[in-house]
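The values are calculated or read from the model by the stated rules, or taken from the named source; none is laboratory data. Owing to the predicted nature of the structure, the values given are computational and were not obtained by experimental measurement. Glycine also receives a Cβ, built like all others from the backbone with ideal geometry; neighbour counts cover every protein chain displayed. These accessible areas exclude ligands, DNA and RNA; they are computed on the full protein's heavy atoms, side chains included. Shrake-Rupley method; radii C 1.70, N 1.55, O 1.52, S 1.80 Å.
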Amino acid sequence: MQAPSFSPPVSVTLLGPVSAGTVAWRARGTLYLTVVVKATFALVPEGRMSVVEPDPIATGEQPDPSGVGLRTAGDLAPYLGYPEIWLTGHAAVPPRFVQPSLRVEL
């Protein structure tokens, strides 16, 4: 697979509170277009998540504000075999919780 090599990006009309970007790339002589769509949600304890203003499409690596690792490696990968879901945040143990472990699901 060759690196993305198509400029300018293809414009995308957004319908709703999302951000989007495109990457055109070639594999074995065929031109492909990948469209990346990103939605951002606010999570609240014991409640339903709500759609909020979307985070922008990350065009490259962004270091984590903590100084350790990356916040994102970039959103514009030419091809992924499956959708990605990223959860950024933290969790707190309920008051007086005494179990040795706690199951958390996304």
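Can you name the residue in the range 6-54 that is part of a loop (DSSP other than H, G, I, E, B) and open to solvent by less than 40 Å² (accessible area, probe 1.4 Å) and is also nearest to residue 93 (Cα to Cα) among such residues? Before the answer, list the steps.
Let us first name the residues in the range 6-54 that are part of a loop (DSSP other than H, G, I, E, B), namely 6-18, 28-29, 39, 43-49, 53-54.
With open to solvent by less than 40 Å² (accessible area, probe 1.4 Å) added as a condition, the list becomes 18, 54.
Working: 18: 32, 54: 28 Å.
Restricting to residues being part of a loop (DSSP other than H, G, I, E, B) and open to solvent by less than 40 Å² (accessible area, probe 1.4 Å), the top hit is 54.
Would you confirm whether any residue within the range 65-76 is of a type in the set (Lys, Arg), free of Cβ contacts under 8 Å to residues at least 40 places away in the same chain and surrounded by fewer than 10 Cβ atoms within 10 Å (Cβ to Cβ)? No, every residue in the range 65-76 fails to be of a type in the set (Lys, Arg), free of Cβ contacts under 8 Å to residues at least 40 places away in the same chain and surrounded by fewer than 10 Cβ atoms within 10 Å (Cβ to Cβ). Selection of the range 31-82 for residues being touching a Lys or Arg at 6+ places or on another chain (Cβ under 8 Å) and hydroxyl-bearing (Ser, Thr, Tyr) yields only 32. Filtering the range 41-55 for residues that are within 13 Å of the chain's Cα centre (by Cα) and not charged (D, E, K, R) leaves a non-empty set.
Is the range 46-55 home to any residue that is over 21 Å from residue 104 (Cβ atoms), of a type in the set (Asp, Glu) and at pLDDT 85 or above? Spell out the reasoning first.
Step one: filter the range 46-55 for residues over 21 Å from residue 104 (Cβ atoms), giving 51-55.
When the remaining residues are screened for being of a type in the set (Asp, Glu), the result is 53, 55.
Keeping just the survivors that are at pLDDT 85 or above gives 53, 55.
Yes: one or more hits.
For the range 79-86, indicate whether the set of residues that are modelled with pLDDT of 85 or more and open to solvent by 80 Å² or more (accessible area, probe 1.4 Å) is non-empty.
If we filter the range 79-86 for residues that are modelled with pLDDT of 85 or more, which is where we start, we get none.
The answer is no, given that none of the residues of the range 79-86 is modelled with pLDDT of 85 or more and open to solvent by 80 Å² or more (accessible area, probe 1.4 Å).
If the requirement is being of a type in the set (Val, Ile, Thr), within 29 Å of residue 12 (Cα to Cα) and more than 14 Å from the chain's Cα centre (by Cα), which of these qualifies: 34, 72? Don't jump to the end; show me each part of the working.
Numbers: 72 fails: more than 14 Å from the chain's Cα centre (by Cα).
Answer to the check: 34.
Go through the range 64-92 and give me each residue that's under 22 Å from residue 23 (Cβ atoms) and not aliphatic (A, V, I, L, M). Show your work before the answer.
Of the residues in the range 64-92, the ones under 22 Å from residue 23 (Cβ atoms) are 70-86.
Those that are under 22 Å from residue 23 (Cβ atoms) and not aliphatic (A, V, I, L, M): 71, 72, 74, 75, 78, 79, 81, 82, 83, 84, 86.
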